[in-house]
Amino acid sequence: MRCSRALTVLAAVVILSLWGSVAGAQVYAGESEPGWIVGYEGALGTVVNPEVSIPGVRGMTLDEFGRLLIAACCGQGDILLFDIEAQTLETLEYHQSNYATEDVYPDPADSSIYVIKNGTPPDGAPRCDSYLGILPGGVGPAGTIYTFGSDDTLVDLQVWPMGDRAGNILVLVESGCPGSGFLAEFEKTGPGTFVRLPDVVNPGAMVADPGGFAITPGASIVIVDREFGLHHVVAGGVVPFGEAEGPHYTDMEIGSDGTIYLVNSQNGVIERYDEDGTRIPPDLAGGITNPTAVTAASFAPTPEGENAFVEPLSGVQITYEEVTSAGFTSAVAESSQNRVSPEGNFLPDYAVLPGSRADHFLYISLSTEAVYRSLIQVDVLMEGSRLFYASGVSDTFRDFTVVGSIEDARGTMPRFSELGEPGGSRLETGPTEVVLVDDTRDLSQVTLYKFWRLEKAMEMPDAVPSQNSCPWEVMEFLQTFRERARYNYDAGVPGNALGELAIMNAILRDHAGWCVPESSDDEKMGNLVGKVLAHSKTLMHSIELESGETFAGIDDALTAIALSVTSPARGECVLALSGPVGTEVAASIYSVSGRLVATVFEGKLLRAARRSCGTALIRRAVR
């Protein structure tokens with residue numbers, strides 16, 4: 001029986017007082033009563049919603065911005081959005097009579113949200129059919145994707161993060177007698193249209209009492225039985241493994257490092273297990289006494305569009321210049337004293353432990369399923385003045401910093417490794433890793449090394465295909481600007497060197513896509529635009545550091561037009577223009593990825609002009 005629902009479209013926002021969130025917390029647990037949500041850094045838990053309780057949490061997940069999407073009960077709203085940093089609580093869907101919302105998950109391709117709901121009619125009334133629903137645009141009420149049978153109870157919800165099945169919806173179903181449940185899969189075939197695929201776990205092959213499921217970084221599925229622990233999904237059935245014994249497992253999650261988290265509602269703790277099912281002491285406890293749901297950072301949904309922003313790991317922020325096909329982005333951090341990274345890349349001797357963190361390096365492995373163009377900007381909000389990057393296997397980490405400080409080591413880079421197909425890990429193109437360090441080299445040594453790296457990045461194969469010589473011709477032409485930049489640098493004129501590199505970057509962007517490849521899915525040449533721009537921009541940053549000059553325009557001796565600017569990346573921005581009266585001038589601000597942010601002056605130069613960029617433009621320019 002499908003029950004009617006009231007249509008309520010309004011969204012409510014509660015603004016709370018500012019509060020510092022748990023730095024680095026990547027595991028969150030919610031409870032039924034009194035309604036605290038706890039963030040865990042290691043085994044230490046801290047309440048993240050001290051100003052307002054959120055009782056009745058039944059399920060939750062992190063969205064691409066690190067906010068908590070919450071499925072709740074008890075009349076306060078069925079779907080809630082809690083921003084930990086801003087301390088805001090937003091109601092996306094109000095309570096729907098005769099239904100309990102069990103879980104929630106964002107659509108990686110757009111702003112829609114998937115939900116699963118179970119019928120809860122008044123005493124004596126027929127049970128409403130459970131259903132898989134969608135909040136188009138992230139705002140209720142939920143529309144129906146699929147209605148299940150009257151004996152079906154929906155337990156858990158996930159979206160497949162990688163490979164050919166990326167974006168498919170998985171729903172764990174408990175049905176009738178023990179073991180008769182199943183794991184259903186749905187494919188999105190178009191806007192608002194879905195089709196049910198063959199079940200991942202067949203009816204009759206399910207665990208007796210399913211409590212939840214999750215997808216591992218290696219693209220396998222793990223299901224937890226409330227009473228009998230962990231099971232791998234294999235060939236349409238389940239195989240038990242590990243040390244988890246229960247009872248009363250009510251939810252589970254798997255983090256980006258493969259750690260399995262189980263909610264033990266009887267003991268009031270979150271149990272931890274490694275990927276083999278071996279228990280990791282101690283349990284997560286403190287802050288809550290009645291845990292019902294857990295979520296951990298694993299795969300961040302990465303939407304299509306320009307300046308696509310995700311935070312797949314606390315303190316690791318990624319901005320794609322343009323995403324052309326949505327997917328998921330993953331970040332895995334591992335501490336080590338070894339100068340060989342977990343993925344087998346080498347840290348050179350001049351890269352040393354950053355600042356006061358004197359006992360280990362923090363290697364961060366980055367992967368994505370999304371297809372993107374041009375540059376990726378990576379901000380690592382941890383200690384360390386230089387962002388070093390490696391791509392491949394047995395690679396040497398290189399400095400790709402464009403802004404470096406103890407508060408924010410930021411780099412632009414040309415590529416991430418692709419997430420692998422289901423059943424595998426990463427593709428053979430190799431991993432992408434970053435690590436924060438301090439650099440003991442002289443600034444001039446760093447600059448010369450980056451000049452050499454740029455030259456290597458611009459080298460083209462000797463064979464020119466007759467059908468398309470455009471990339472070869474453009475790269476050969478751009479070598480002139482690189483050579484002039486090196487000449488001016490050697491001659492002690494860093495401003496002119498920066499100008500040559502800026503012109504080169506602009507010409508390259510003018511030829512991006514239609515002539516020079518700029519997409520991550522280009523099979524022959526890859527993202528050549530992003531590769532050259534990343535090397536050029538980090539070189540420009542080193543020249544600025546060494547010379548003390550900050551470049552934001554062209555000083556052209558032929559026109560005698562001069563532009564000087566304080567650096568937006570240093571929190572200020574003032575433009576000063578000077579030149580012959582009557583000269584037509586336009587001054588614009590571009591982001592670090594090269595996109596136009598704003599034109600702040602355009603017209604005839606009547607006298608020396610000075611314009612403030614404004615704090616809003618600064619934020620947009622450095623983002």
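The values are calculated or read from the model by the stated rules, or taken from the named source; none is laboratory data. None of the values given here were measured: they were computed from a predicted structure. We place every Cβ from the backbone using ideal geometry, glycine too, and count neighbours over all the protein chains shown. These accessible areas exclude ligands, DNA and RNA; they are computed on the full protein's heavy atoms, side chains included. Shrake-Rupley method; radii C 1.70, N 1.55, O 1.52, S 1.80 Å.
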Task: Filtered residue count, region 258-300, keeping only those that are within 21 Å of the chain's Cα centre (by Cα), assigned to a strand (DSSP E or B) and β-branched (Val, Ile, Thr) - done: 3
Open item on the list: Contact list please: Cβ distance under 7 Å, first residue in region 86-100 and touching a residue at least 12 places away in the same chain (Cβ under 8 Å), second residue aromatic (Phe, Trp, Tyr) and assigned to a strand (DSSP E or B), pairs at least six apart or on different chains.
Closed with: 89/82
Open item on the list: Of all residues being touching an Asp or Glu at 6+ places or on another chain (Cβ under 8 Å) and not in a strand (DSSP E or B) in region 373-402, which is modelled with the highest pLDDT? Just the residue, please.
Closed with: 397
TODO: Report yes if some residue within region 328-336 is farther than 18 Å from residue 257 by Cβ and either crowded, with 21+ Cβ neighbours inside 10 Å or out of contact with any helix residue (DSSP H, G or I) (no Cβ under 7 Å at 6 or more places or on another chain) (or both); otherwise report no.
DONE: no
TODO: Would you check if residue 482 is among the charged types (D, E, K, R), surrounded by fewer than 21 Cβ atoms within 10 Å (Cβ to Cβ) and either modelled with pLDDT of 80 or more or under 30 Å from residue 354 (Cβ atoms) (or both)?
DONE: no
- [ ] Residue by residue through region 403-460, note down the ones that are of a type outside the set (A, V, I, L, M, F, W, C), in contact with a Pro (Cβ under 8 Å, 6 or more places away or on another chain), modelled with pLDDT of 55 or more and surrounded by fewer than 22 Cβ atoms within 10 Å (Cβ to Cβ).
- [x] 438
Open item on the list: Restricting to region 200-218, count the residues that are part of a strand (DSSP E or B) and out of contact with any Leu (no Cβ under 6 Å at 6 or more places or on another chain).
Closed with: 4
TODO: Go through region 219-257 residue by residue and tally those that are in a loop (DSSP other than H, G, I, E, B), aliphatic (A, V, I, L, M) and surrounded by fewer than 19 Cβ atoms within 10 Å (Cβ to Cβ).
DONE: 2
Open item on the list: Just to be sure I understand the filter: pairs with C-beta atoms under 6 Å, separated by 6 or more residues or on different chains, first member in region 283-307 and under 22 Å from residue 213 (Cβ atoms) and open to solvent by less than 20 Å² (accessible area, probe 1.4 Å), second member part of a strand (DSSP E or B) and acidic (Asp, Glu). Which pairs pass?
Closed with: 291/31; 293/251; 294/251; 294/253; 295/253; 296/253
Task: Count of region 269-280 residues which are surrounded by fewer than 16 Cβ atoms within 10 Å (Cβ to Cβ) and either among the aromatic types (Phe, Trp, Tyr) or out of contact with any Lys or Arg (no Cβ under 8 Å at 6 or more places or on another chain) (or both) - done: 3
TODO: Considering only residues that are in contact (Cβ under 8 Å) with a residue 60 or more places away in the chain, out of contact with any helix residue (DSSP H, G or I) (no Cβ under 9 Å at 6 or more places or on another chain) and more than 22 Å from residue 545 (Cα to Cα), look in region 370-402 and name the one that is least open to solvent (accessible area, probe 1.4 Å).
DONE: 370
- [ ] Could you please let me know if residue 109 is over 24 Å from residue 192 (Cα atoms), assigned to a loop (DSSP other than H, G, I, E, B) and open to solvent by 10 Å² or more (accessible area, probe 1.4 Å)?
- [x] no
- [ ] Among what's in region 510-543 and is of a type in the set (Gly, Ala, Ser) and under 24 Å from residue 326 (Cα atoms), pick the residue that is most open to solvent (accessible area, probe 1.4 Å).
- [x] 513
TODO: Take the residues in region 479-497 that are among the charged types (D, E, K, R) and in contact (Cβ under 8 Å) with a residue 24 or more places away in the chain, then tell me which one is nearest to residue 454 (Cα to Cα).
DONE: 482
Open item on the list: Whether any residue in region 204-212 is in contact (Cβ under 8 Å) with a residue 24 or more places away in the chain and of a type in the set (Asp, Glu) is what I want to check.
Closed with: yes
- [ ] Tell me, please, whether a residue that is hydroxyl-bearing (Ser, Thr, Tyr) and over 20 Å from residue 70 (Cβ atoms) can be found in region 104-118.
- [x] no
Open item on the list: I'd like to verify a number: residues in region 230-266 that are free of Cβ contacts under 8 Å to residues at least 12 places away in the same chain and of a type outside the set (Gly, Ala, Ser), how many?
Closed with: 2
TODO: Go through region 153-174 and count every residue that is open to solvent by 20 Å² or more (accessible area, probe 1.4 Å) and closer than 19 Å to residue 129 by Cβ.
DONE: 2
- [ ] Report yes if residue 507 is touching a helix residue (DSSP H, G or I) at 6+ places or on another chain (Cβ under 8 Å), open to solvent by 50 Å² or more (accessible area, probe 1.4 Å) and closer than 28 Å to residue 373 by Cα, otherwise no.
- [x] no
Open item on the list: I'd like the residue in region 26-48 that is of a type in the set (Phe, Trp, Tyr) and assigned to a strand (DSSP E or B) and, out of all such residues, is surrounded by the most Cβ atoms within 10 Å (Cβ to Cβ).
Closed with: 28
TODO: Working only within region 49-99, note down all residues that are surrounded by 19 or more Cβ atoms within 10 Å (Cβ to Cβ), out of contact with any Asp or Glu (no Cβ under 9 Å at 6 or more places or on another chain) and more than 28 Å from residue 153 (Cβ to Cβ).
DONE: 49, 84
Task: Leading residue by the ranking (nearest to residue 302 (Cα to Cα)) among those in region 32-56 that are modelled with pLDDT of 90 or more and in contact with a Pro (Cβ under 9 Å, 6 or more places away or on another chain) - done: 38
Open item on the list: For region 193-213, give me each residue that is surrounded by fewer than 23 Cβ atoms within 10 Å (Cβ to Cβ), within 19 Å of residue 160 (Cβ to Cβ) and not acidic (Asp, Glu).
Closed with: 193, 194, 195, 196, 197, 198, 200, 202
- [ ] Mind listing just one residue for me: the one in region 339-369 that is assigned to a strand (DSSP E or B) and open to solvent by 20 Å² or more (accessible area, probe 1.4 Å) and, of those, modelled with the lowest pLDDT?
- [x] 362
- [ ] Output the residues belonging to region 49-58 that are out of contact with any Cys (no Cβ under 7 Å at 6 or more places or on another chain) and either in contact (Cβ under 8 Å) with a residue 60 or more places away in the chain or not in a loop (DSSP other than H, G, I, E, B) (or both).
- [x] 57
